[in-house]
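Here's the structure we're looking at; comments come further down.
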Amino acid sequence: MGIGIFACMKQLLALLLFIPLFAQAQFKVTVSKSNAPVYFRGTLFDDKTYLAKDTLTGTVLSSTTPIKGGIYYLQFSSTKERIYFTIENKEQFSLTFSGTDVLANAHSSDPKNEVFLNYQRLEKSYAQLDSSYQAELSKGRKFKFAEKAAFFQSKTDALVAFRNKQLETLPTTSTLALYFKALNALDESVPNRLDTEARDRFFSKIPFQDSRLLFTPIFRSLLVEYLSYYPLNAESIQLGMEKVMSQITCSYKSFPFVFDYFNSVIRNRNISQNTEGTIWFLKNYGITDPCESFTDSQKKLFNEEIEKLSRLSANQLSENLILKDTAGLEQNLHQFAAKNDYTLLLFYAPTCDHCQREVPEMDSIASQIERIKNITIGRFAICNEPEVSRAIWVDFIKQYLVHSNTLHVEFPENAPQRAAYDAFSNPTTYLINRKGEIVAKKISPTSLRKYFAELQKEAIQ
C-alpha cells in the first residue's frame with residue numbers, strides 16, 4: 001500500500017494514499033519513488049502543523065497512536081499546491097492524481113473525499129475574487145464587514161449551496177459534515193454584529209465537545225467570529241471568553257490552544273481596560289490551570305506578569321517622569337499634566353514603521369476630541385529608542401508630532417522607569433488626567449476615541 005508519484009510534464013502522475021485498518025487504530029503511509037517531495041500534514045487549530053514527520057519521499061510514515069479525525073493535506077513541493085482531505089479514525093481509502101494540474105485530476109475512492117475534492121475545485125474557480133480583494137486592500141481600501149460580505153456574495157452563495165446539497169447525503173457524523181456546518185455558520189448574514197440573540201445562536205452552533213474540531217482550519221475562525229459580537233472592552237470580552245472556556249473539557253486537549261488565542265486577544269490595545277483583562281485571564285486560566293496544561297515555570301512567568309501589570313491599574317497615580325527634552329532641559333510629567341485636562345503619555349521609536357502610522361493618527365484623534373469636547377489634551381512624547389541618532393529623532397518630531405502642546409523628551413539607555421510603564425514595545429500609550437492618575441492604559445487611536453465616547457454616555461445617563 002502506498003502513495004506513488006511520477007512527475008513528468010506529459011506523463012501520468014499518480015499518488016495513492018492508503019490508511020490501513022489496524023486493530024489499534026494505527027495509520028501508515030507509504031510513498032513510492034517520486035521526482036519531487038510531497039508533504040503530508042494535518043491542520044491544527046490556527047494553522048499550526050500537526051504531524052512532526054511529514055515529508056513523504058520514498059519513506060514510510062507510521063504511528064502507534066490513533067489518528068485524530070480531522071482535515072489533513074498533501075502539499076506538493078514543486079507547486080506549493082495543497083490538496084485537502086478528511087480522515088476518520090480506522091479508515092482506508094486512496095487518493096490519485098494525474099497530470100500537472102493535480103487538483104483538476106484528483107480522485108478518491110472515498111465518496112466523502114470525492115465531495116471534498118469537488119468543493120476545493122469550486123473554491124478555486126473563484127480565485128479571481130480573492131485576488132481582486134487583495135488588490136483592493138493593497139490600494140488602501142478598507143472594507144467594513146457588510147462591504148466585505150457583499151464583495152464575496154457570489155462566491156459565498158455558490159459555496160453555501162454546494163455545502164447544503166452535500167449535507168443532505170453526507171454521514172452526519174463525518175468530519176466533512178462537521179466542517180461544512182461550521183463554514184455555513186460563518187457565512188450566515190448578521191445584520192447587527194452586536195445582536196446578543198444572534199451571538200447566542202452562533203455560539204450554539206459551535207461543537208466544542210467534538211474533538212475533531214481542533215484538527216480543522218476553522219476552529220480559530222469560529223472563535224474570532226464569536227468574539228466579534230462583543231463590544232471592545234475587557235468586561236464584555238471576558239463574558240465571551242468565560243462562556244467558551246466553560247464548554248471546553250480537559251479531555252478535549254484544546255485548552256492550551258484556546259488559552260493562547262484568548263491571551264493574545266485580551267491584550268489587544270483596541271480593547272479598553274486590556275491590562276485588567278489580562279490580569280483576570282492569567283489568574284483564572286493560567287494560574288488556576290483547570291486542565292493542568294502549564295508547568296511550574298510557566299505559572300511563575302504568569303505570576304510575574306500579573307505583578308507587573310498590577311502596578312499599572314486604573315486610577316492609580318502615574319509614576320512621575322523627569323526627562324530631558326530636545327534642548328537638554330528637564331521636563332516634569334506631573335507638572336505638565338496639571339496644566340491640561342488630560343495628557344497622552346506616548347512611548348515611541350522613530351524608526352518603528354508602526355509608530356510612524358499610529359502616532360500621527362493618535363495625535364489627530366486627540367485634536368478632534370479637543371475641539372469637540374472643548375478640552376486640552378497635552379502630549380508627553382517619549383523617544384523610547386536610546387540608540388537612535390538625534391537627527392532621526394528630530395526628523396520624526398517634525399513629520400509626525402506637530403501638535404503645539406507637546407513636550408518632546410527621551411528615555412536614556414537602561415531607564416528604570418521603562419519597567420514602571422511596561423514600555424518595552426512601541427508604540428505604547430497611556431492617558432492620564434490632571435491629577436496624574438492613569439485613566440486608560442496601552443490604548444490605540446480607536447480605544448482613545450472610545451474612552452471619550454463612553455465618558456459622554458455616562459454624562460448623559
> Out of all the residues in region 214-236, is one or more over 18 Å from the mean Cα position of the chain (by Cα), over 28 Å from N270 (Cα atoms) and surrounded by 16 or more Cβ atoms within 10 Å (Cβ to Cβ)?
Replying inline: no
> Can you name the condition, by its number, that I382 falls short on among (1) over 19 Å from S444 (Cα atoms); (2) in contact (Cβ under 8 Å) with a residue 60 or more places away in the chain; (3) outside any helix (DSSP H, G or I)?
Replying inline: (1)
> in contact with a strand residue (DSSP E or B) (Cβ under 9 Å, 6 or more places away or on another chain) and at pLDDT 95 or above: does that describe T376?
Replying inline: yes
> Does any residue of region 191-199 turn out to be modelled with pLDDT under 90 and either in contact with a helix residue (DSSP H, G or I) (Cβ under 6 Å, 6 or more places away or on another chain) or crowded, with 16+ Cβ neighbours inside 10 Å (or both)?
Replying inline: yes
> Which helices (runs of 4 or more DSSP H) sit wholly inside region 88-184 and have at least 1 residues that are at pLDDT 90 or above and either under 29 Å from the mean Cα position of the chain (by Cα) or at negative phi (or both)?
Replying inline: 111-125, 127-138, 153-167
>> Just the residues that are within 17 Å of P256 (Cα to Cα) and touching a residue at least 40 places away in the same chain (Cβ under 8 Å), please, taken from region 186-239.
In response: F208, Q209, S211, R212, L213, L214, F215, T216, P217, F219, R220, L222
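The values are calculated or read from the model by the stated rules, or taken from the named source; none is laboratory data. Every value quoted in this text rests on a predicted model; they were computed, and no experiment measured them. Methodologically, a virtual Cβ is constructed for each residue, glycine included, from the backbone with ideal geometry; neighbour enumeration extends over all protein chains shown.
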